[in-house]
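The values are calculated or read from the model by the stated rules, or taken from the named source; none is laboratory data. The model shown is predicted, which means the values in this text are computed figures rather than measured ones. Ideal geometry is used to build each Cβ from the backbone, glycine not excepted, and the neighbour counts take in all protein chains shown. Please note that ligands, DNA and RNA were not included when accessible areas were found on the heavy atoms of the full protein model with its side chains. Shrake-Rupley method; radii C 1.70, N 1.55, O 1.52, S 1.80 Å.
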Amino acid sequence: MKYVYKIVSALCALAVLPLVVFSPMIYYYFSSTALQSLFTVGQLLGNETLSNAMDKFGLETVPTGMANNVSIYDLFDLFMRFKNIGNSSEIAETVAQMIPSLIATFIAIALTLITAIVIVVLAFACKDNRKVIAASFAGIGFSLMVKMLFENAVSPLVNGEITITDFIDSAWASLIAEVEIITLNSTFYFIPITFGFIALWTILYNATLPEKEKEERKKMIG
């Protein structure tokens, strides 16, 4: 049973790594007057290309915008593009207010990943697996911190403080797209749930230990 506990704990902790980095947990929706007008006019004119596009994506009504789910990796790639823009760039000035919050978000993500790795090490190497419980609660805290910091980072886009016109110098930019929603979808909650499962799994495992071993564990320092 001891090795089953170690393996299950380690596998769950390792599962957090790809879940955090590569799972499409960020949902966005951009409304677009231009896109809606394009499809509306296309329908009126009987444009087969636009009609086929609607059929391909299963659209029964004219799309009003663009929506997608992306991963933290995609967000990091976008962040690095902004970060590498020259200081004289107008875009760099526009996104400058978002950079500190984005950096804080990525630090919280890094702490979440490090915590998962620490749990793997503790599950196999530490005799007192109560430390796994502590690390699991830390993982829950760091993952919830990611949510809080992420929402703070994207709030200028959602609230309209930063708009598409800040990125595209054109009077028509607002017709191209307007940010409506950027949020973490339900996939994100699998991260704190996984940490919570590891903590519960450890508690239940410790509860099944012989009384003699429980007494020995109480005396353990590490």
Go through (1) touching a helix residue (DSSP H, G or I) at 6+ places or on another chain (Cβ under 9 Å); (2) more than 20 Å from residue 22 (Cβ to Cβ); (3) assigned to a helix (DSSP H, G or I); (4) at pLDDT below 95 one by one and return the number of the condition residue 216 breaks.
(1)
Considering each of 136, 101 in turn, give the residue that is in contact with a helix residue (DSSP H, G or I) (Cβ under 8 Å, 6 or more places away or on another chain), assigned to a helix (DSSP H, G or I) and under 19 Å from residue 15 (Cα atoms).
136
Look through 106, 167 and report the one residue that is under 25 Å from residue 68 (Cβ atoms) and either surrounded by fewer than 15 Cβ atoms within 10 Å (Cβ to Cβ) or at pLDDT below 85 (or both).
167
Suppose we keep only residues that are assigned to a strand (DSSP E or B) and either farther than 19 Å from residue 187 by Cβ or of a type outside the set (Phe, Trp, Tyr) (or both) within the stretch 8-35. Which one would you say is least open to solvent (accessible area, probe 1.4 Å)?
26
Lone qualifier among 1, 98 - being open to solvent by less than 30 Å² (accessible area, probe 1.4 Å) and at pLDDT 65 or above:
98
